[in-house]
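The values are calculated or read from the model by the stated rules, or taken from the named source; none is laboratory data. As the structure is a computational prediction, the values presented were derived from the model and not from experiment. Cβ placement follows ideal geometry from the backbone for every residue including glycine, while neighbour counts extend to all protein chains displayed.
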Amino acid sequence: MPRVRGRARARLVASAALLVAACHHPSEDREEPIAVPVHCVQATRVAVDVTQTLRGRVAAPPGADLAVASQVAGRVVGVSVHEGDRIAAGAMVATIDDSTTRDALRQADAALVQARSLATNADATLERTRQLVARGIAAKQELDDAVARTDQAHAAVNASVAAADLARRTLGRVQVRSTFEGMVTRVWRGAGALVDGTAATPIVQLAATNLTELDADATERQLVNIAAGQAATVTLSTGGPPTVGTVRTRSSALDPTTGLGLVRIALGPTTPVLLGAFGLATVRTGARQGVLVVPALALRGAVADGAQVVVCNGAIAELRTVHVGWRDDQRVEVIDGVAEGEKVAVDHVLGLEQGSPVDQK
């Protein structure tokens, strides 16, 4: 009898457990998703500047990069500048040994004194000969010879004066000076080096800093839209605020090796630059009206693979693929996929999925 009561109790417990299991709903274990707070911004139509972004390096324009050489031959006594120095027009760059030129000047001065003495003697002889011929003592031929010797003596004086002036100017050229304001980009020769007085033996390389430009490469598509006179904003790798520039000229042909063209952008004369520094130029090539734009922060995924945006459709996130056109650092043009006035999320865009609940801010 007790054994029968135990079995009945076990069946009662099992029935109760089944009843409890039947009354339990699985939905009670699932938690409702929490709405993600996001900021949503409307897609609007605006007027935008069409720009081309180019990369290049700061350089001196053609004709503003000059190799400074001595005009006299000799040995370099000293160089007074270093690479990177900014110098004014007329500043002394180097000094050449002047012993040879000083000797040449002394010889020229001595030759001038001798020529003037001979000219004075010839003048006196000519005057005496005229008096003798007038009195019939000397022949007319002697007078002609005296006139010729006087002319030769005065010509020798003029030649000696020119030689002395040349020697004096040459002595002044032993101090090599810059011809314009600029920066020393290279020192070719130092103290003790020999120079021949021609451009074949330069001492320093000088670049004009008040005419600097950004030499940038451009693709075929970019080059078509760029023209001389267009405004540009240049940001240099050396830091500092962006500077305003102007397109000076562009290539009329592409390099057959690289397929790129050259765009030369003139920088402002007061812009402190370092020759050879890299820079980024944004050239304004035109303007467009009524462009549908959204913030650049709204994009997710690579543009080439088909970018996506999260449309704030009420309290639900809706993922859409969009085609992107014009863009800058802040905004992108949406060609299709989003209509004007629709709102797109600008934060948490990577964590939102199709149908995710959102709380618009």
### Meets criteria (of a type in the set (S, T, N, Q), under 23 Å from residue 45 (Cβ atoms) and surrounded by fewer than 17 Cβ atoms within 10 Å (Cβ to Cβ)) for residue 354
no
### Task
Would you confirm whether any residue within segment 246-253 is hydrophobic (A, V, I, L, M, F, W, C), in contact (Cβ under 8 Å) with a residue 60 or more places away in the chain and either crowded, with 16+ Cβ neighbours inside 10 Å or not in a loop (DSSP other than H, G, I, E, B) (or both)?
no
#### Entry: Candidate set: segment 117-133, residues that are under 11 Å from residue 146 (Cα atoms) and of a type in the set (A, V, I, L, M); chosen: the one nearest to the chain's Cα centre (by Cα)
122
### Query
Is one or more of the residues making up segment 345-360 in contact (Cβ under 8 Å) with a residue 60 or more places away in the chain, closer than 30 Å to residue 233 by Cβ, outside any loop (DSSP other than H, G, I, E, B) and of a type in the set (Val, Ile, Thr)?
no
### Criterion: exposed (fewer than 14 other Cβ atoms within 10 Å of the Cβ) and either in contact with a Cys (Cβ under 9 Å, 6 or more places away or on another chain) or in a strand (DSSP E or B) (or both) - qualifying residue of 288, 320
288
## Note on the structure
In segment 130-176, anything charged (D, E, K, R), exposed (fewer than 14 other Cβ atoms within 10 Å of the Cβ) and not in a helix (DSSP H, G or I) is listed as 135
### Query
Which of (1) under 30 Å from residue 60 (Cα atoms); (2) modelled with pLDDT under 90; (3) surrounded by fewer than 17 Cβ atoms within 10 Å (Cβ to Cβ); (4) of a type in the set (S, T, N, Q) is the odd one out, the single condition residue 212 does not satisfy?
(3)
## Note on the structure
By residue number, the members of segment 92-122 that are under 16 Å from residue 152 (Cβ atoms) and of a type in the set (S, T, N, Q) are 114, 117, 120, 121
### Task
Check 195, 204, 234 and return the single one that is crowded, with 20+ Cβ neighbours inside 10 Å, of a type in the set (A, V, I, L, M), out of contact with any Lys or Arg (no Cβ under 9 Å at 6 or more places or on another chain) and assigned to a strand (DSSP E or B).
234
### Summary
Scanning segment 41-70 for residues that are closer than 30 Å to residue 340 by Cβ, out of contact with any Ser or Thr (no Cβ under 8 Å at 6 or more places or on another chain) and surrounded by fewer than 20 Cβ atoms within 10 Å (Cβ to Cβ), the one modelled with the lowest pLDDT turns out to be 49
